[in-house]
Amino acid sequence: MAGWRGRLGASLWGFYYNVPPERHPDLDVAARTVLGLDSSLGLEVWASKTLDAPAASGAEMDRLAAVCEQASFVTVHVRGVYWHWDPVDLRDEIDFAGRLNAEILVLHPICFGLSDRGDRMDVPEIRRIADCAERRGVMLAVENMRDSVWLLDRVIDEVGDNPATSNVGVCIDIGHAHRSRDAGTGQDIVSNYLDRYAAQLVHLHLHGNHGDRDEHLVPGQGTVDWSLVLATLDRIGFQGSAVLESHQAGVDPETGIDRGLKFLEEQLQ
């Protein structure tokens, strides 16, 4: 199918997820490996190699920043140790993203204090944080988890529905949407998520699963209807960034990225 042509990149997380620490490459090495596969790719970076490790610093950070200058775009995913509401921690991640000239910082809803329906957001402080990010050239993007319509709707309703003015957009994770049951049935769920948040959509995570577990399979594996996903993206006119976020068991990250890129190219022909 012809159609959607977004900006593609790859997450570095596959180099570290379920990989023994002694086999962890430096972040700049992982980033250089991705760009060695395709120099036109963007990068999605985590500040650390495990969910609870300290952020990269010193010489490694300098080397990572140098590699990121060669990428077509850079986004940052908030690291696991900051999966909670803390304005200081969010500002730390914004500083990290700004150091890499990243355009987007992807957050989980819990980073805004949203986990249960009774939770209340500190909207004035969130707006101050969003303003801080805007000054660094970074947009905040809240990622859907499983069954996240109510979470994303709360952010849009209370913080603002226009990313151009609020500096807060939405990242739709295709795999998470495929596991959801709150936006329709069957293959329509993912396209319904994309349609619902078309006006706020600034970023995508691309990976597959079979609808039950968060498997992070290479696109083309699992039961996501990718032709429908790509057709929906074309129809809503999405031209933002999208990163492959697969860390499929038994598939090394280079192979996973290469297979994912080839699959998407075939779908778009």
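Any read-out appearing in this document is the output of simple, stated calculations on the displayed coordinates, not a laboratory observation. None of the values given here were measured: they were computed from a predicted structure. So basically every Cβ, Gly included, is an ideal-geometry build from the backbone, and we count neighbours across all protein chains shown.
Provide the net charge surrounding residue 232, with neighbours chosen by a C-beta distance below 12 Å and charges set as Lys +1, Arg +1, Asp -1, Glu -1.
Numbers: positive: 196, 235; negative: 188, 195, 225, 234.
Net charge in that neighbourhood comes out at -2.
Any idea how far apart residue 212 and residue 161 come out in nm if each label point goes 7 Å out from Cα toward Cβ?
For the pair residue 212/residue 161, the computed spacing is 3.8 nm.
In whole percent, what relative contact order does the stretch 1-147 give with Cα contacts below 8 Å and a gap of six or more residues? Present the calculation step by step, with values, prior to reporting the outcome.
On the way: 221 pairs, mean separation 28.0, N = 147.
So the answer I get is 19 percent.
Which peptide among 101-109, 187-195, 201-209 comes first, and what is the full order, when sorted by highest mean count of other Cβ atoms within 10 Å?
Working: 101-109: 22.8, 187-195: 20.0, 201-209: 24.7.
In decreasing order of mean packing, 101-109, 187-195, 201-209 become 201-209, 101-109, 187-195.
Expressed in nm to one decimal, what extension gain is obtained for the pair residue 153 and residue 195 from 0.36 nm per residue of sequence separation less their Cα-Cα distance? Intermediate values should be presented prior to the final figure.
Working: separation 42, 0.36 × 42 = 15.12 nm, distance 1.33 nm.
Difference between extended and current length: 13.8 nm.
What shape does the stretch 32-76 take by its C-alpha gyration tensor, where a ≥ b ≥ c are the square roots of the eigenvalues and a/c under 1.5 counts as rounded, a/b above b/c as prolate, and the rest as oblate?
Values: a/c = 2.29, a/b = 1.68, b/c = 1.36.
Here the stretch 32-76 falls in the prolate category.
Set Lys and Arg Cβ to +1 and Asp and Glu Cβ to -1, take the dipole of the chain about its Cα centre, and tell me which of 202, 177, 115 lies farthest positive.
Farthest along the dipole direction, towards plus: 202.
If you add up the charges near residue 68, with Lys and Arg at +1 and Asp and Glu at -1, over every other residue whose beta carbon is less than 12 angstrom from its beta carbon, what do you get? Intermediate results must be reported in sequence, preceding the final value.
On the way: positive: 32, 63, 99; negative: 28, 44, 62, 69, 103.
That works out to -2.
What shape does the chain take by its C-alpha gyration tensor, where a ≥ b ≥ c are the square roots of the eigenvalues and a/c under 1.5 counts as rounded, a/b above b/c as prolate, and the rest as oblate? Don't skip to the end; give the middle numbers.
Numbers: a/c = 1.45, a/b = 1.00, b/c = 1.44.
It is rounded, given that a/c, with a ≥ b ≥ c, falls under 1.5.
Relative to the present Cα-Cα distance, how much length would full extension add between residue 88 and residue 72 at 0.36 nm per residue of separation?
Working: separation 16, 0.36 × 16 = 5.76 nm, distance 2.94 nm.
The residue 88-residue 72 span can extend by a further 2.8 nm.
Please give the charge dipole size of the stretch 38-159, origin at the Cα centre, charges +1 on K and R Cβ atoms and -1 on D and E Cβ atoms. Round to the nearest 20 debye.
Working: 13 positive and 23 negative charges, 22 e Å.
Charge dipole of the stretch 38-159: 100 debye, to the nearest 20.
With +1 on each Lys and Arg Cβ and -1 on each Asp and Glu Cβ, how big is the dipole of the chain about its Cα centre, in debye rounded to the nearest 20? Mind showing how you got there, number by number?
On the way: 24 positive and 42 negative charges, 53 e Å.
With Lys and Arg at +1 and Asp and Glu at -1, about 260 debye.
For the stretch 6-65, what is the relative contact order in percent, using Cα pairs closer than 8 Å and at least 6 residues apart in sequence? Each step should come with its number before you reach the end.
Numbers: 58 pairs, mean separation 25.2, N = 60.
In percent, rounded to a whole number, it is 42.
Once you've got the GNM for the chain with C-alpha springs shorter than 10 Å, pick whichever of 256, 118, 137 has the biggest mean-square fluctuation.
118
Less than 13 Å Cβ to Cβ from residue 50, Lys/Arg counted +1 and Asp/Glu -1: what total charge do the surrounding residues give?
Details: positive: 23, 49, 79; negative: 22, 52.
Counting the neighbours of residue 50, the net charge comes to +1.
Do you know the relative contact order of the stretch 7-267, to the nearest whole percent, from alpha carbon pairs under 8 angstrom that are 6+ apart? Don't jump to the answer; show the numbers that get you there.
Values: 501 pairs, mean separation 44.1, N = 261.
Relative contact order of the stretch 7-267: 17 percent.
Quick query: amide H of residue 42 versus all other amide H atoms, modeled in the peptide plane; which residues come in under 5 Å with a sequence gap of 5 or more or a different chain?
8, 9, 10, 72, 73
With just the Cα atoms defining each centre, how far is the stretch 198-269 from the stretch 122-174? Give it in Å.
22 Å
Taking neighbour counts of Cβ atoms within 10 Å as a proxy for exposure, in what order, fewest first, do 266, 44 appear?
Ranked by crowding around the Cβ, least crowded first: 266, 44.
Taking neighbour counts of Cβ atoms within 10 Å as a proxy for exposure, in what order, fewest first, do 140, 268, 233 appear?
Details: 140 31, 268 16, 233 24.
Exposure proxy ranking, most exposed first: 268, 233, 140.
Using the basic label-point model (7 angstrom from Cα toward the beta carbon), what is the residue 52 to residue 24 distance in nanometres?
It works out to 1.3 nm between the two label points.
Counting other beta carbons within 10 Å of each residue's own, what order do 258, 173, 252 fall into, fewest first? Spell out each step's value before the answer.
Details: 258 17, 173 25, 252 13.
Placing the least packed residue first, the sequence is 252, 258, 173.
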